[in-house]
């Protein structure tokens with residue numbers, strides 16, 4: 001363990017030295033880029049344009065991505081189409097530094113780690129928080145943005161490792177009439193529609209819709225079923241006053257996958273198709289409704305204001321059976337030496353249903369002015385946010401010890417689980433009805449100062465008042481109330497020696513209140529927020545006549561007061577932990593030639609527990625954090641009709657838990673694509689994922705040797721896409 005740690009620290013130091021030398025030599029290697037916008041419109045329209053030319057989708061960032069002092073990865077819609085991506089988690093495999101978690105209890109849908117820290121509450125939709133438990137589909141996405149590092153100045157609570165911002169499709173003045181049908185060897189059938197209709201010279205209406213039913217290769221009982229519709233209306237396009245109205249409705253009804261258990265320190269060595277759930281009754285159902293209105297008005301070329309308001313409702317019903325070991329401990333969890341045919345799997349069923357409701361407002365004033373030789377872009381904002389979670393938790397039907405009581409589910413053999421085992425029916429006994437309401441009032445100022453043509457200084461401050469009220473009336477009633485008032489500063493310096501180069505140093509902070517995930521308990525109700533800070537240095541350079549973006553950054557993120565168990569009272573937590581991640585990121589995105597396109601990235605993360613009340617955790621790597629992660633996706637256009645693409649994803653071995661008791665093996669997967677345009681309007685595309693049929697593990701969950709599971713990735717899958725656009 002110590003030899004591995006020393007080796008990885010040496011890798012990090014060598015990486016830092018190499019990156020610094022590259023940046024100093026003006027061959028700069030920064031973060032990743034995104035697709036083209038109007039900022040690049042004046043360039044040669046026949047030449048590929050790298051995505052750093054666009055501006056971030058977050059209004060509080062006034063510079064182009066090229067000149068923004070932060071690692072920003074952007075995946076354009078074109079890349080998602082090339083890979084036949086249908087959901088956010090599949091898209092994020094293109095972002096090094098992201099690992100996938102698996103849920104438990106009420107934590108379902110998209111759950112990830114970003115730069116070593118949990119980011120399940122750090123999803124945004126068009127700049128506003130997208131709170132809710134659901135699988136985010138890509139049918140209405142124009143692009144996907146990942147902002148790395150703490151940034152509570154921009155986003156409020158959370159964002160220790162960064163945030164994921166989904167950029168929706170919006171109406172344009174160019175008519176679109178498109179449809180896509182996808183068929184797969186995983187029994188997939190998926191259809192999408194995208195229609196954009198201009199309404200005169202400055203207005204348009206757009207409608208996106210999706211329906212999907214798909215299995216998962218070699219996970220025989222898993223089903224992903226969802227449909228959605230997203231109408232939007234834009235008025236005043238291109239004028240001083242614009243109004244955009246968006247609505248998203250999505251429903252899913254899945255047979256979920258909670259994978260296989262660990263045996264000893266690694267995933268159980270069983271065939272990939274074994275299923276430990278109850279296929280006839282397990283369900284994960286959601287119904288999402290999100291309505292957004294954005295109004296912008298430019299008083300002059302130097303003064304503008306915008307107001308974005310949203311109402312959201314996220315209903316879910318989670319009835320899931322997950323593998324578990326005897327919760328009583330009478331039957332100890334297996335070790336590496338336990339014969340596999342003697343292991344019994346208990347069936348954990350922490351069923352829960354409920355609704356998360358949100359009401360948000362973001363008002364921003366943007367002013368440009370000069371003070372002597374300095375040019376300022378000042379953004380002042382006011383955020384108002386109310387979120388509530390009303391849940392119903394049912395009695396768990398897991399059995400205990402050697403006796404199965406009425407209403408409990410019997411254990412099943414590890415090597416021969418029965419997905420159709422008779423069971424006592426869906427649990428209806430309610431054990432808890434927790435209700436949490438949070439209110440946020442926040443004001444912020446961001447001043448971006450141009451000092452001549454080569455230097456830019458950014459200073460920002462935000463003040464949040466975050467109040468949470470929790471009540472649970474059943475059994476032993478409980479009620480908690482907590483308020484945090486937290487300032488979040490941010491500072492950055494950018495040096496731009498030429499138009500195609502920028503180098504930066506930034507400092508950012510974030511905070512994580514106890515009720516960040518819309519819940520409080522006696523263990524944490526009296527605790528202040530966890531606080532984080534990051535120092536980051538990096539560079540971004542565009543080469544090959546503006547076709548290719550190279551990015552690179554080194555960073556140090558530290559959570560100085562992480563919540564850990566109180567050594568003097570096992571029922572409480574205390575802010576006595578220290579978690580730290582030092583890392584290196586490299587990225588390449590754009591075109592090597594007019595015909596050859598590439599997206600690639602590499603991340604090294606040295607994340608570990610520096611301080612904890614649990615001595616066994618000190619010095620150990622952070623949970624589900626891969627030290628090395630790399631990806632490449634490249635497409636070559638042989639003719640105007642024929643494109644061929646291929647890509648590799650690598651994820652290093654990672655620890656499943658904070659104490660280093662279990663690990664998840666490293667893996668490499670290989671994907672490929674062939675696309676042929678029969679005409680201007682018809683395209684056929686063949687995609688293959690995991691072509692080597694690697695047996696790997698994508699999502700993990702581990703709290704103890706008794707409670708854990710890991711979800712295998714799909715086996716070899718081939719999909720055929722037929723696309724029409726007029």
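The values are calculated or read from the model by the stated rules, or taken from the named source; none is laboratory data. These numbers were taken from a predicted model, which means no experiment stands behind them. Glycine also receives a Cβ, built like all others from the backbone with ideal geometry; neighbour counts cover every protein chain displayed.
Going by what's in this entry, would residue 659 be described as surrounded by 15 or more Cβ atoms within 10 Å (Cβ to Cβ), assigned to a loop (DSSP other than H, G, I, E, B) and either modelled with pLDDT under 95 or out of contact with any helix residue (DSSP H, G or I) (no Cβ under 7 Å at 6 or more places or on another chain) (or both)? Walk me through it before giving the result.
Details: surrounded by 15 or more Cβ atoms within 10 Å (Cβ to Cβ): yes; assigned to a loop (DSSP other than H, G, I, E, B): yes; either modelled with pLDDT under 95 or out of contact with any helix residue (DSSP H, G or I) (no Cβ under 7 Å at 6 or more places or on another chain) (or both): yes.
Criteria met by residue 659.
Condition check ((1) surrounded by 16 or more Cβ atoms within 10 Å (Cβ to Cβ); (2) over 25 Å from the mean Cα position of the chain (by Cα); (3) not in a strand (DSSP E or B)) across all residues:
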{"residue": "673", "(1), (2), (3)": "yes, no, no"}
{"residue": "676", "(1), (2), (3)": "no, yes, no"}
{"residue": "683", "(1), (2), (3)": "yes, yes, no"}
{"residue": "686", "(1), (2), (3)": "no, yes, no"}
{"residue": "711", "(1), (2), (3)": "yes, no, no"}
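Scan segment 233-240 and give yes if some residue there is in a strand (DSSP E or B), surrounded by 22 or more Cβ atoms within 10 Å (Cβ to Cβ) and modelled with pLDDT of 95 or more, otherwise no. I'd like the intermediate steps shown before the answer.
Step one: filter segment 233-240 for residues in a strand (DSSP E or B), giving 233-235.
Those left that are additionally surrounded by 22 or more Cβ atoms within 10 Å (Cβ to Cβ): 234.
From the residues that got through so far, the ones that are modelled with pLDDT of 95 or more too are 234.
Checked against the condition, which is being in a strand (DSSP E or B), surrounded by 22 or more Cβ atoms within 10 Å (Cβ to Cβ) and modelled with pLDDT of 95 or more, segment 233-240 yields at least one hit.
So, in segment 205-232, exactly how many residues are outside any strand (DSSP E or B) and without any contact (Cβ under 8 Å) to a residue 24 or more places away in the chain? Steps first, answer last, please.
Narrowing segment 205-232 to residues outside any strand (DSSP E or B): 217-218.
Remaining after also requiring without any contact (Cβ under 8 Å) to a residue 24 or more places away in the chain: none.
Result for segment 205-232: 0.
For segment 315-351: of the residues being crowded, with 21+ Cβ neighbours inside 10 Å and either without any contact (Cβ under 8 Å) to a residue 60 or more places away in the chain or under 24 Å from the mean Cα position of the chain (by Cα) (or both), which is nearest to residue 287 (Cα to Cα)?
The qualifying residue nearest to residue 287 (Cα to Cα) is 316.
Could you list, in sequence order, all residues of segment 395-416 that are surrounded by fewer than 19 Cβ atoms within 10 Å (Cβ to Cβ), under 25 Å from residue 433 (Cα atoms) and free of Cβ contacts under 8 Å to residues at least 60 places away in the same chain?
395, 405, 406, 407
Taking the condition in contact (Cβ under 8 Å) with a residue 60 or more places away in the chain and surrounded by 15 or more Cβ atoms within 10 Å (Cβ to Cβ), does residue 304 pass?
Working: in contact (Cβ under 8 Å) with a residue 60 or more places away in the chain: yes; surrounded by 15 or more Cβ atoms within 10 Å (Cβ to Cβ): yes.
So residue 304 fits the description; yes.
Can you name the residue in segment 62-79 that is touching a helix residue (DSSP H, G or I) at 6+ places or on another chain (Cβ under 8 Å) and surrounded by fewer than 22 Cβ atoms within 10 Å (Cβ to Cβ) and is also modelled with the highest pLDDT among such residues?
76
Is it true that some residue in segment 248-264 is surrounded by fewer than 18 Cβ atoms within 10 Å (Cβ to Cβ) and at pLDDT below 95?
So the first thing to find is which residues in segment 248-264 are surrounded by fewer than 18 Cβ atoms within 10 Å (Cβ to Cβ), and the list is 249, 251, 253, 264.
Still in the running and at pLDDT below 95: 264.
Yes, some residue in segment 248-264 is surrounded by fewer than 18 Cβ atoms within 10 Å (Cβ to Cβ) and at pLDDT below 95.
Each row is one residue, and each column tells you yes or no for (1) farther than 26 Å from residue 446 by Cα; (2) part of a strand (DSSP E or B).
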site: 296; (1), (2): no, yes
site: 306; (1), (2): no, yes
site: 316; (1), (2): yes, yes
site: 328; (1), (2): yes, no
site: 336; (1), (2): yes, no
site: 345; (1), (2): yes, yes
site: 370; (1), (2): no, yes
site: 379; (1), (2): no, yes
site: 385; (1), (2): no, yes
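Conditions tested, residue by residue: (1) under 27 Å from residue 249 (Cβ atoms); (2) assigned to a loop (DSSP other than H, G, I, E, B); (3) at pLDDT 90 or above.
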| position | (1), (2), (3) |
| --- | --- |
| 113 | no, no, yes |
| 145 | yes, no, yes |
| 158 | yes, yes, no |
| 164 | yes, no, yes |
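Residue 182: part of a loop (DSSP other than H, G, I, E, B) and either more than 25 Å from residue 246 (Cα to Cα) or touching a residue at least 12 places away in the same chain (Cβ under 8 Å) (or both), yes or no? Explain how you work it out, then say what you get.
Working: part of a loop (DSSP other than H, G, I, E, B): no; either more than 25 Å from residue 246 (Cα to Cα) or touching a residue at least 12 places away in the same chain (Cβ under 8 Å) (or both): yes.
When the stated conditions are applied, residue 182 does not pass them.
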